[in-house]
1. Using alpha carbons only, how many angstrom separate the centre of the range 677-741 from the centre of the range 577-656?
2. Which ³J(HN,Hα) values in Hz, rounded to whole numbers, follow from the phi angles of the range 439-456 under the Karplus curve 6.51 cos²θ - 1.76 cosθ + 1.60, where θ = phi - 60° and Gly and Pro get x?
3. Pop out the ³J(HN,Hα) list for the range 616-621 in order, Karplus 6.51 cos²θ - 1.76 cosθ + 1.60 with θ = phi - 60°, rounded to Hz; leave Gly and Pro as x.
4. In the range 302-354, which trypsin sites (Lys or Arg not before Pro) fall in coil by DSSP and have 15 or fewer other Cβ atoms within 10 Å?
5. Of Arg190, Arg205, how do they rank once you tally other Cβ atoms within 10 Å and put the fewest first?
6. May I ask you to list the chymotrypsin sites (Phe, Trp or Tyr not before Pro) in the range 207-314 that are in a DSSP loop and have at most 15 other Cβ atoms within 10 Å of their Cβ?
7. With the crude spin-label approximation of a point 7 Å out along Cα→Cβ, what separation in nm comes out for Glu450 versus Gln276?
8. FRET efficiency for Asn88 and Thr357, Cβ-Cβ distance as r, R0 = 51 Å, nearest 0.05?
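Derivation of every value follows stated rules applied to the coordinates shown; laboratory data play no part. Model, not experiment: these values are computed from the prediction. Cβ atoms come from the backbone with ideal geometry, glycine included; neighbour counts cover every protein chain shown.
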Amino acid sequence: MWCIAFLQEIALPYNDYRPDLMGSAELAPSGSFEVGTYQSFTLIYTAGKFGLDDQGGLRIGFRGHFDGSAIQFDDPKAAGFTTVEASNGAVLEASWEARRNIRPWNKSLYIRCLRFLREGDQIKIVFGNQTKGSPGWLMQTFCESAFTFQITVDPFATQDFIALPSNTNPTVSIVPGDPVAWKAVLPTLRRPGELFRLSLKGDDRWGNPSNRLMGQVRIKTNIAVKGLPDLINFKFGDFGTVIEGLSVEGAGILNLTVLDEDDHVLATANPLVISQSDVAHFWSDMHAQSGETIGVGTAREYFDFARNKAFLDIAGHQGNDFQITDAFWQHLNELTADYNEDNRFMTLPGYEWSGNTGLGGDHNVWYRTEGRPIYRSSRALISDRTHPENDVLSTPDLIEKLRDEDAIVVAHVGGRYADIKYAHDAKLEPSVEVHSSWGTFEWILRDAFESGYRVGIVGSSDGHKGRPGAEYPGDSQFGSYGGLTCHLLPKLDRDTFFDAFRKRRHYATTGARIYLDVTASLGDDTLQIGDIVTTDLDQLELKFNVIGTAPIERLDIFNGLDLIKTIRTWNDQSPLSRLRVTCAGQHYRGRGRLVKWDVSTTFSDGKIVRISPVNFWNPNRQPQQISPTEAVWKTVTTGGSSSVDFWLDNVALAGKINVQTNFESWFSLLGDIDKNGVAVDCGGMDIRLHIERLPEILDEHSLSGKQSFAIENGLEQRLYIRVTQEDGHQAWSSPIYVQKR
């Protein structure tokens, strides 16, 4: 496969001395296995010509983002219990290591031979040994066509591991489970009579599109849609369907519902606004990776998923530059050229410049056309040393190299977070990324404002699990659902896209296709998001219209670093009979940002009627009500938030609340909490506990309004909004910049 071929070119620290003499491996059973299920595998390694010397051994590597159960050797009754034995009785020492192998095989089973093996002797490894009472080895939560047991051997006891020929590594296929959540996707803005499509799929419990769809669904709409069938049939093996050539003749808001054969609601599509607009909306995930670098699957599978399973309009592929060989860079360019189709699905050639944070940190680079150079931050994992003139070791050097290229750059926060104060070029870098699967990072926008930069706001997934455009965090270090960007374009092609992107004509979301329309009136002129203008006028009016995919909880209006106003969808007379307890924040800007929470909430009187989670993406780790007055949960945050909503009876509402966490605790009368809530600082960069009151029911999906601003001499207005839905999803508009002439 492509990813295996390209990984062969990566310069690993072990040598390549006669891989054909390093032995062989066989795995049973083989075939396909469902995500998130318990399995047991037997791998038998047969020693090659040199055998294994005393203190030599082998290493079985798995991708760093494998999120199944850890391999362990101590508890036969627990998941992941693994046994290791040699056919000649040699004593073996085994350990499970998280970061001692070379990426992407970060997680590894190490086996050291304390006596020697001859040619033909075998080592038998049983992963998830069910004959010993283990439930098995829990598989990862995401699909992979070639889940690989990557074997390297140390026959000479030198700690210099030699790979078996890559095509001899055992592989199995990890496949989706049954559908539990249907999804219906529409565009968010089209003109009257303009063609659009409806996309339908069913995800399994871990967010993988399922091919186990069967039966018939019915489509219900509030306005007539030309070309839309009443009934849609699915058969086993379908991953979903796309219905092309739809249109609505008049202006309005299309609401679409998918019903089963018994008229139960399966899914509600995002709103589609039909308006006589100069632009339409096109949705992108421009930043994720495939298995040739740190992700999974092949790059071709990656683009296929983006187009046919995530139903994106725009996709880019951002592999780490230090892991992209010249051959893979050429292949990526061939793929983007092949998949790019004007007004249907747009792809962009690009990569992630992955310099260390001290040299500027991660930045995504996209080109308008194929065939341009890849400027690498290092060659840490590739052996090719051709074109040394393309080695670019810092962001100032990257800016200089790209100055004459038709390229755009966006600062990214992932492992190596971008330090945009270190270097920035306004023409080259129109926007910053505030959300991805790594978390939510509004601090990078503050960095930009503090530095006087004028930037737009984008979101993407930086997904490593082969699901660009629909990236769930799974059961791993990722704490958020992947983000999306909505682009405001007259039409979908690269020239139009580059022009609009450089003008910051886009807004970001945490993955929901929320409709935003944000403008500003300046005299007789209407300003769009991303505009930068000077004026002699003294006042402007910011206008907004939001239609959510869930009820709207709040809308915040910002002027640069300052929160100007918060607007809620209820009035002061609404009874606040719901309580929300929120965990939020991050330890640090870099890889160590993930915060692990252990929380209990207890009420002194009355009882909890029900609870509901917000941003709990792991189906195996949900809040639990353990008594009439107490609920407990474990969660993680990586810059974003995770909440539990409580509906309480009147007795509980008149009593006290006690929130205990592994950081800080808080005790109060519920009557002392209002809609603004109470915040408790828990340390770190911005780790915090927040307790607030909400109405029992939120049912407003739309919110519109305006806010006036005085334009003062010497003070630039940097106006944008942030929308927060009841379900935790958020959206940010790119700012409008206005300054006195």
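1. The two parts, judged by their Cα centres, are 22 Å apart.
2. Rounded to whole hertz, the list is x, 10, 9, 5, 4, 6, 5, 5, 4, 5, 5, 5, 8, x, 7, 10, 10, x.
3. Residue by residue, the range 616-621 yields 9, 8, 9, x, 8, 9 Hz.
4. Here the trypsin sites (Lys or Arg not before Pro) that fit, given the DSSP loop and packing criteria, are Arg344.
5. Arg205, Arg190
6. On the way: sites: Phe234, Phe236, Phe239, Phe282, Trp283, Tyr302, Phe303, Phe305, Phe311; in loops: Phe236, Phe239, Phe311.
Qualifying residues, ordered by number: Phe236.
7. Going by the 7 Å Cα→Cβ label model, 4.8 nm.
8. Plugging the Cβ-Cβ distance into 1/(1 + (r/R0)^6) gives 0.55.
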